[in-house]
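Student: I am attaching a structure below and will ask some questions about it afterwards.
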Amino acid sequence: MTDTLKPVRVRMAPSPTGSFHLGSARTALYNYLFARKTGGKFVLRIEDTDQKRFVEGAEREIIDSLDWLGISPDEGPHLKGDFGPYRQTDRMKIYREHAEILLNSAHAFVCFCSPERLSQVREQQQKRKEKPRYDGLCRDLGSDEVAQRKENGERHVVRFKMPEDGSTSALDHLRGEIVTENRYLDDYVLLKSDGMPTYHLAATVDDHLMKITHVFRGAEWLATFPLHVQIIRAFGWDEPIWAHLSVFLKPSGKGKMSKREAAEAIKDGHSIFIKDMGDLGYTPEGVLNWIALMGWGVAEDDVMSLDQMVERFDIDNLTPSPAGINFAKLDHFNGTHIRLLSPEELATRIKPIYIQAGYSVDDSTLMAIIPLIRERLVTLDDCLAFGGFFFKEKVDPVPEELIAKKMDAAGSAEIARKILTILETLPEITHASAEEPLRALVEELSLKPNQVFGILRVAITGQKVSPPLFESMEIIGREKVLERVRNAIGILGNI
Ligand code: GLU
């Protein structure tokens, strides 16, 4: 591990342009783990300079998602910190001053080219099969001319003056040295005509001023990575350590997930947006474990708590290879982490789900059913399917489901009556008291256990799949069990 003991300053810098998704959550997680591991700081910076793509409420969603995951930052727009403001639109003066520094040192120039001219240039370059880039018309304007044209109110931008010769070598922690010939690089815009900085200027300036030691960001920034390195060198600053994280591919492994596909996923109970995860019954523990391994080379199905992740995190083990989004793995980790929760904690998490579904929940029943249902839960809301009947006054079995295999309604009603007679003789219906006489009934009638118990299961739970039958009856209680069996006899009689 590099810099093991030195406290790092890391940041995640999302743009508030849409819902907070898995990729951002993973960047946040690695930042969080690295900061905790080294006793450093995890900074949240909101990169909101692209006004056209700004989405109202997105910043709140980012903060809420991080809180839900349990990986809240140490500094950010909603928190105190010595390096604020943490929202880029509150830092405009800083960017203009820094653009000025680059202009004065001839690392940048003012460009008056109109969008029309630029698109003509691009077209011609495309015709000649050249890579589109700025053709350099304004690179060497004299300072008097620049001052005059500015005074005349001519629309202008500030561009980085990319060296024309030589090459730029940039070091990515996951991929090694990346060398790019400067002639393939553009004179990128740093300040737009409305005075807004581009990402390139704002992010590099902020990373420096916020004393960021390591930059984790998406691999989509690799294309402009040499530019960022150039900007930092033009200022004469120290570079952070860079790690461009692997991209996420759609479940098929082919290409990135489109907006439409992301919207489709929710129909199958899946989502790539953190805000949906809770409603879909996923736990922060499960989601974190899942995303942690998408880009981190620990053993594939390694189950880890957040504390264990902190302990084991090592940026040397991050991997650059693309990660396919595999929702089956999320289900696996979620179910596993549900089983790692204490019974009390699990009860606390599922109680609101029952309440929201309209059940009145008493805590002793809730605690009693935990051991019966916990093994079966993949998502927390599975508690409704497996355990909703415990809290119902009555159940409504589908009449046909009460009919035992290879039997008719009358025959099944007959068995149900025999079951009722047995159960009525028991002063208490418990696992211990009910199992023996009911198994004896199976023998006596020369039937298969699942024929007899199937009728009873549907009668008392209202469903074909349920937690263990005898334990369930014990929790439901004698009175309700008898009532439900009688009800089933009535239903079978009406078929
Ligand atoms: N604002 C950029 C984005 O959301 C951040 C990239 C970075 O982390 O530097 O993609």
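The values are calculated or read from the model by the stated rules, or taken from the named source; none is laboratory data. Nothing here was measured: the structure is a model prediction, and the numbers come from that model. Note that each Cβ is placed from the backbone with ideal geometry, even for glycine, and that neighbours are counted across all protein chains shown.
Student: For residues that are within 21 Å of L209 (Cα to Cα) and under 19 Å from the mean Cα position of the chain (by Cα), tally how many sit in region 49-93.
Tutor: Of the residues in that region, 1 qualify.
Student: All but one of (1) within 16 Å of the ligand (Cβ to nearest atom); (2) under 20 Å from A170 (Cβ atoms); (3) assigned to a loop (DSSP other than H, G, I, E, B) hold for H228; which doesn't?
Tutor: (3)
Student: If you don't mind, there's one more thing I want to ask. Given (1) outside any helix (DSSP H, G or I); (2) crowded, with 21+ Cβ neighbours inside 10 Å; (3) in contact with a Gly (Cβ under 9 Å, 6 or more places away or on another chain); (4) modelled with pLDDT under 95, where does G23 come up short, assuming only one miss?
Tutor: In the conditions (1) outside any helix (DSSP H, G or I); (2) crowded, with 21+ Cβ neighbours inside 10 Å; (3) in contact with a Gly (Cβ under 9 Å, 6 or more places away or on another chain); (4) modelled with pLDDT under 95, G23 misses (1) alone.
Student: Counting only residues that are closer than 18 Å to T425 by Cβ and small (G, A, S), which one in region 454-484 is surrounded by the most Cβ atoms within 10 Å (Cβ to Cβ)?
Tutor: A459
Student: State which residue is nearest to the ligand (Cβ to nearest atom) when the search covers only region 1-20 and only residues that are out of contact with any Asp or Glu (no Cβ under 8 Å at 6 or more places or on another chain) and modelled with pLDDT of 95 or more.
Tutor: M12
Student: Which is more than 30 Å from L447 (Cα to Cα), modelled with pLDDT of 95 or more and among the charged types (D, E, K, R), of R417, R339?
Tutor: R339
Student: Can you go through P251, P240 and tell me which one is in contact with a Gly (Cβ under 9 Å, 6 or more places away or on another chain) and not aromatic (F, W, Y)?
Tutor: The conditions single out P251.
Student: M162 is checked against (1) out of contact with any Gly (no Cβ under 9 Å at 6 or more places or on another chain); (2) more than 19 Å from E239 (Cα to Cα); (3) part of a loop (DSSP other than H, G, I, E, B) and fails just one. What number does that condition carry?
Tutor: Condition not satisfied by M162: (2).
Student: From the residues in region 303-346 that are small (G, A, S) and closer than 18 Å to H173 by Cβ, which one is surrounded by the most Cβ atoms within 10 Å (Cβ to Cβ)?
Tutor: For region 303-346, the residue satisfying everything is A323.
Student: Here's a follow-up. Might you check whether a residue that is assigned to a strand (DSSP E or B), crowded, with 17+ Cβ neighbours inside 10 Å and in contact with a strand residue (DSSP E or B) (Cβ under 7 Å, 6 or more places away or on another chain) occurs anywhere in region 232-240?
Tutor: no
Student: Return the pairs, sorted by first residue and then second, in which the second residue is aliphatic (A, V, I, L, M) and more than 11 Å from the ligand (Cβ to nearest atom), the first residue lies in region 30-51 and is assigned to a helix (DSSP H, G or I), the beta carbons are less than 6 Å apart, and the residues are 6+ apart or on different chains.
Tutor: Close Cβ pairs satisfying both conditions: Y32/I71; L33/M309; L33/V310; F34/V8; R36/V310; K37/V310; T38/V8.
Student: Just to verify a result, which residue in region 413-426, among those that are under 21 Å from P468 (Cα atoms) and touching a residue at least 40 places away in the same chain (Cβ under 8 Å), is surrounded by the most Cβ atoms within 10 Å (Cβ to Cβ)?
Tutor: Ranking the qualifying residues of region 413-426, first place goes to A416.
Student: Out of L492, L441, L447, report the one residue that is part of a loop (DSSP other than H, G, I, E, B), hydrophobic (A, V, I, L, M, F, W, C) and over 21 Å from F386 (Cα atoms).
Tutor: Going through L492, L441, L447 in turn, just one is part of a loop (DSSP other than H, G, I, E, B), hydrophobic (A, V, I, L, M, F, W, C) and over 21 Å from F386 (Cα atoms): L447.
Student: Cβ-Cβ distance below 7 Å, separation of 6 or more or different chains: which pairs start in region 203-224 with a residue that is touching a residue at least 40 places away in the same chain (Cβ under 8 Å) and end on one that is in a strand (DSSP E or B) and near the ligand (Cβ under 7 Å from one of its atoms)?
Tutor: Cβ pairs passing all conditions: D207/V215.
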